[in-house]
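Rule-based calculations on the coordinates, nothing more; no lab input. This structure is a prediction, so every number in the text was calculated from the model and none was measured. With ideal geometry, Cβ positions are generated from the backbone for all residues, glycine too; neighbour counts draw on all protein chains shown.
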Amino acid sequence: MAPFEALKIARGHGLDLVEVAPQANPPVCRIINYGKYLYQQSKREHEARKHQKAAGLKEVKMRPRISVHDFETKRNRIIEFMQEGAKVKASITFRGRENAHRDLGWEMMRRLTEELAEIGQLEIGPRMEGPNLSAIFSPKKLTTKSARPPRPAAQDQQQPHVPVPPKPAPVPGTSGG
């Protein structure tokens, strides 16, 4: 129909005439309540944002004189964060006399980088930021080959199973020495 007729009908119902496909020949229009349409569209966008996972940056803080077990606990926490898909900032804070022994912190950061090499990669290398030594790790992207479990070898290639004979039962009355 002609545009002025469609506009007349839309105004008669208290609605708006909205051009949906201007590239079409002839252009396609709809008679809708435009305010309600915008509201529903914003609600859909809000719902979509709600279900998105933000790639957050988690932080794990340590001190240079941390015990071995506590270091392992912090390392495991970093691994958990990276398995969830988050980037992790590992920071070592120096206070007071610890500033004289920053080499301990650098050694700890080197060790952490080596232990996380299989799971994550060093995105931003260790650097001093005031009294903190920090580095950012990101999870490694899984390739299709590494995502699949390894296939078992063919049956004919496996070694034959050789049964181990059971140990003889001890004879009563003798010392089993």
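Before moving on, here are some points about what is shown:
To keep it simple, each residue is scored yes or no on (1) loosely packed, with under 14 Cβ neighbours inside 10 Å; (2) among the aliphatic types (A, V, I, L, M); (3) touching a residue at least 12 places away in the same chain (Cβ under 8 Å); (4) assigned to a loop (DSSP other than H, G, I, E, B).
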{"residue": "CYS29", "(1), (2), (3), (4)": "no, no, yes, no"}
{"residue": "LYS36", "(1), (2), (3), (4)": "yes, no, no, no"}
{"residue": "LYS43", "(1), (2), (3), (4)": "yes, no, no, no"}
{"residue": "LYS58", "(1), (2), (3), (4)": "no, no, yes, no"}
{"residue": "ILE66", "(1), (2), (3), (4)": "no, yes, yes, yes"}
{"residue": "ILE92", "(1), (2), (3), (4)": "no, yes, yes, no"}
{"residue": "ARG102", "(1), (2), (3), (4)": "no, no, yes, no"}
{"residue": "ALA117", "(1), (2), (3), (4)": "yes, yes, no, yes"}
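- Hits in segment 68-90 - residues which are without any contact (Cβ under 8 Å) to a residue 24 or more places away in the chain and more than 21 Å from GLY130 (Cβ to Cβ): VAL68, HIS69, ASP70, GLU72, THR73, ASN76, ARG77, GLU80, PHE81, GLU84
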